[in-house]
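The values are calculated or read from the model by the stated rules, or taken from the named source; none is laboratory data. Note that this is a predicted model, so its numbers are computed, not measured. All Cβ positions, even for glycine, are placed from backbone atoms using ideal geometry, and neighbour counts span all protein chains on display. Only protein heavy atoms, including side chains, enter the accessible area calculation; ligands, DNA and RNA are left aside. Shrake-Rupley method; radii C 1.70, N 1.55, O 1.52, S 1.80 Å.
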Amino acid sequence: MTSFDDLLSQVPIGQIAAKLGVDESTATNAVKAALPTLLGGLQANATQPEGAASLVGALDNHGDLVEGEGQVDIDKVDVADGSKIVENVFGQEKNTVISTLGATEGTGGNDLIAKLMPILAPIVLAYLAKQMTGGGGNAAPQTQSAGNGGIGDILGGLLGGSSKSGGIGGAIGEALAKNAGSALGNVLGGLFGGKR
């Protein structure tokens with residue numbers, strides 16, 4: 001079953017907390033704020049045909065990170081690659097995204113979010129790759145369907161609705177309702193508008 005909770009269960013929060021030097025509660029809050037934002041950014045990119053093709057291409061390099069059941073081993077995560085993913089997903093809005101998430105109560109601030117996003121990005125791509133290749137029980141979709149079906153539908157499902165129903169707003173709104181939702185909504189709205 002493709003779901004946000006399933007994705008979250010793959011994230012090694014204890015290892016992340018230890019690596020970043022924070023308690024598990026802070027790491028959990030930061031991960032729960034950052035994951036929907038990463039998914040939203042990926043979905044925004046997947047709405048453009050070239051963005052969807054690029055994303056599906058990137059998935060080929062990440063499928064082996066999420067193996068079988070259980071959490072990812074954080075030592076296998078390529079943080080340099082994760083930084084490139086975050087840069088590609090958010091472009092010039094990256095610092096705005098980081099500062100907005102960092103300002104969200106309980107997430108540990110900008111520095112923690114800036115270190116966390118490149119750890120999470122390869123995990124998210126690995127999870128998506130697993131879903132695309134049948135880890136979710138479906139045959140691997142073709143790249144050309146990725147804009148409307150395929151990757152877009154998987155991301156829509158993770159964000160709490162199909163890509164057509166605007167589930168992303170609800171997911172991000174809920175995750176960041178405390179104090180960062182509107183600023184992040186503006187950034188992601190810009191991404192959805194084709195801004196790069």
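Can you tell me which of PRO36, PRO49 is at pLDDT below 95 and surrounded by fewer than 20 Cβ atoms within 10 Å (Cβ to Cβ)?
Values: PRO36 fails: surrounded by fewer than 20 Cβ atoms within 10 Å (Cβ to Cβ).
After ruling out the rest, the residue left standing is PRO49.
Only one residue in ILE98, ILE113 is in contact with a Leu (Cβ under 6 Å, 6 or more places away or on another chain) and either open to solvent by less than 40 Å² (accessible area, probe 1.4 Å) or part of a helix (DSSP H, G or I) (or both), so which one is that?
Answer to the check: ILE113.
Which of the residues that make up region 1-19 are of a type in the set (Ser, Thr, Tyr) and surrounded by 17 or more Cβ atoms within 10 Å (Cβ to Cβ)?
THR2
Residue check, VAL22 against (1) hydrophobic (A, V, I, L, M, F, W, C); (2) over 11 Å from LEU120 (Cβ atoms); (3) at pLDDT below 95; (4) open to solvent by less than 50 Å² (accessible area, probe 1.4 Å), all met but one. Which one?
The single condition VAL22 does not satisfy is (3).
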